[in-house]
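Novice: First the structure, which I've put down as structure tokens, then a few questions once you've had a look.
Since every read-out is calculated from the coordinates, none of them should be taken as a lab result. Remember, it's a predicted structure, so these values are computed and weren't measured experimentally. Cβ: placed from backbone, ideal geometry, glycine included. Neighbour counts: every protein chain shown.
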Amino acid sequence: MAKDGSGRYKSVQKAVDAVPAGNTSRVVIRIAPGTYRETVKVPANKPHITFEGTGRSRKDTVIVEGHASGMAKPDGSGTYGTGGSATVAVEADDFRARNLTISNDFDEAKHQHLNGQQAVALRTAADRIRLDALIISGDQDTLLLDTAGKDRTGRVYLTNSYVIGNTDFVFGRATAVIDKSVLTLKKRWNGTSAGYVTAPSTPAGRKGFLITRTTIDGDVAARSFFLGRPWHAGGDASLDPQTTIRDSILGAAVKAAPWTDMGGFSWKNDRFAEYGNEGPGAGAAGGDRPHLTDAQAAAQETADWFGDWKPTGV
């Protein structure tokens, strides 16, 4: 597909719409370089879809929109809400994407009057999602890694990618691995530096976020970002949020006490830990900085996160 009309479709959504419901074999939607300003939804009844940018760089193919949680929908049916603000929403299993940019360019500075600044670039709410060589860019709530329901599994493997944001910009209840990537910390709309990398809402008995072999840094003030905080969505005390960050490089922006509370829930009652990290933002184990033991780390590898799913290339 291509915006200039040289492909079969001019928009990404039109290409998705053309995929038959209930398809059982992979459909690759090749997206020519260009900027596609639209929202895209891959519905649950269309699994096995791949988005593939055909440019030389992941920067060449951009899917972008600028909706935020508190913005009114044009049809008058209320506001978008956090999940509804997503530029790209994936609700189908076995989705893949590579070599493109997904962005939410909502301008917080121009919309400070809004009650709801959350602006999602990519929302996944399905199982066996494979993402590679992407840029996922936003401010607050950039990447929502969710599931189709609290009782549903949602596994995501993100590699060789950049995720950009400032507040809870990797969040949700999915079982997800971010591997060999860069989490880029971004200043807020007013130029100040303060933020949170992860906000997991993991159900009890499930695995949450594993960040491994990844760099966490950005052009922000030293000691201004937390690595995470526990999101007990809707005040649900039964949740057991988890973020493990291991074998990664932590920039000077990371706080010396890198975890914090959220919504009246203490991070110390949930699952937050590090292992084998390096860089100026890394630190020794302590009461405010739990580290895995070697034995615990041996059970928190990528393969442990995915069970019977063996994600391969896209």
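Novice: When the chain is fully extended, how far beyond the present Cα-Cα distance does Glu278 get from Thr293, taking 0.36 nm per residue of separation?
Specialist: Working: separation 15, 0.36 × 15 = 5.40 nm, distance 1.62 nm.
Here the answer is 3.8 nm.
Novice: Per residue of the stretch 169-178, in order, report the coupling 6.51 cos²θ - 1.76 cosθ + 1.60 (Karplus, θ = phi - 60°) as ³J(HN,Hα) in whole Hz, putting x for Gly and Pro.
Specialist: Going residue by residue, I get 7, 10, 8, x, 10, 6, 9, 9, 10, 10 Hz, with x marking Gly and Pro.
Novice: If I build a Gaussian network model for the chain, linking alpha-carbon pairs within less than 10 angstrom, which residue out of Ile102, Ile29, Ile136 has the largest mean-square fluctuation?
Specialist: Residue with maximal mean-square fluctuation among Ile102, Ile29, Ile136: Ile29.
Novice: For Ile31, enumerate residues with amide H under 5 Å from its amide H, sequence gap 5+ or separate chain, H modeled in the peptide plane.
Specialist: Amide H neighbours of Ile31, under 5 Å, 5+ apart: Glu52, Gly53, Thr54.
Novice: Another question, if that's okay. Divide by every residue of the chain the summed helix terms, -39500 (n - 2.57) for each DSSP H run of at least 4, and state the resulting mean residue ellipticity at 222 nm, rounded to the nearest 500 deg cm²/dmol. Intermediate values should be presented prior to the final figure.
Specialist: Working: 4 runs with 20 residues, N = 314.
Value at 222 nm, helices only, nearest 500: -1000 deg cm²/dmol.
Novice: Could you work out the per residue convex hull volume over the alpha carbons of the stretch 130-201, in cubic angstrom?
Specialist: On the way: hull volume 5.4 nm³, N = 72.
Spelled out: Cα convex hull of the stretch 130-201, divided by residues, is 76 Å³.
Novice: Positive end of the dipole of the stretch 12-306, charges at C-beta (+1 Lys, Arg; -1 Asp, Glu), about the Cα centre: which of Ala257, Leu239, Leu143 has its Cα farthest in that direction?
Specialist: The residue sitting farthest along the positive end of the dipole is Leu143.
Novice: A further question on this structure: Residues with amide H under 5 Å of Phe169's amide H, sequence separation 5 or more or different chain, H placed in the peptide plane at 1.01 Å from N; which?
Specialist: Residues meeting the criterion, in which the H sits 1.01 Å from N, are Asp141, Thr142, Tyr196.
Novice: Right, here's the next one. Place +1 on the Cβ of every Lys and Arg and -1 on the Cβ of every Asp and Glu in the chain, take the dipole about the Cα centre, and give the residue among Trp267, Val40, Asn104 whose Cα lies farthest towards its positive end.
Specialist: Result: Val40.
Novice: Can you list the residues of the stretch 50-78 with backbone N under 16 Å from a point 7 Å past the Cα of Asn115, pointing along Cα to Cβ?
Specialist: From the stretch 50-78, the list is 69-73, 78.
Novice: Could you pull out every residue, at least 5 positions away or on a different chain, whose amide H is within less than 5 Å of the one on Ile135? Hs are placed 1.01 Å off N in the peptide plane, and Pro or chain starts have none.
Specialist: Leu100, Thr101, Ile102, Tyr162
Novice: Here is a follow-up. Could you go through the stretch 12-29 in sequence order and give the Karplus-derived ³J(HN,Hα) for each residue, using 6.51 cos²θ - 1.76 cosθ + 1.60 with θ = phi - 60°, rounded to whole Hz, and x for Gly and Pro?
Specialist: Each residue's phi maps through the Karplus curve to give 5, 5, 4, 5, 5, 4, 7, 6, x, 5, x, 4, 10, 10, 5, 10, 9, 9 Hz.
Novice: Step through the residues of the stretch 111-122 one at a time and calculate ³J(HN,Hα) from phi using the Karplus curve (6.51 cos²θ - 1.76 cosθ + 1.60, θ = phi - 60°), rounding each to whole Hz and writing x for Gly and Pro.
Specialist: So the J values, rounded to whole Hz, are 10, 5, 6, 6, 8, x, 9, 4, 9, 7, 8, 10.
Novice: Highest GNM mean-square fluctuation, the chain, Cα pairs closer than 10 Å: which of Ser266, Ser224, Ser103?
Specialist: Highest fluctuation among the options: Ser266.
Novice: Given N residues in the stretch 12-306, what is its alpha carbon radius of gyration divided by 2.2 N^0.38 Å?
Specialist: Working: Rg = 18.2 Å, N = 295, 2.2 N^0.38 = 19.1 Å.
Its radius of gyration relative to the 2.2 N^0.38 Å reference: 0.95.
Novice: Same structure again: So what is the relative contact order for the chain, in percent, with contacts set as C-alpha pairs under 8 Å and at least six apart?
Specialist: With pairs under 8 Å counted, the relative contact order is 10 percent.
Novice: Once you have the Cα-Cα distance between Asp219 and Ile249, take 0.36 nm times their residue separation minus that, and quote the gain in nm to one decimal. Could you put the intermediate results ahead of the total?
Specialist: On the way: separation 30, 0.36 × 30 = 10.80 nm, distance 1.51 nm.
Between Asp219 and Ile249, full extension yields an extra 9.3 nm.
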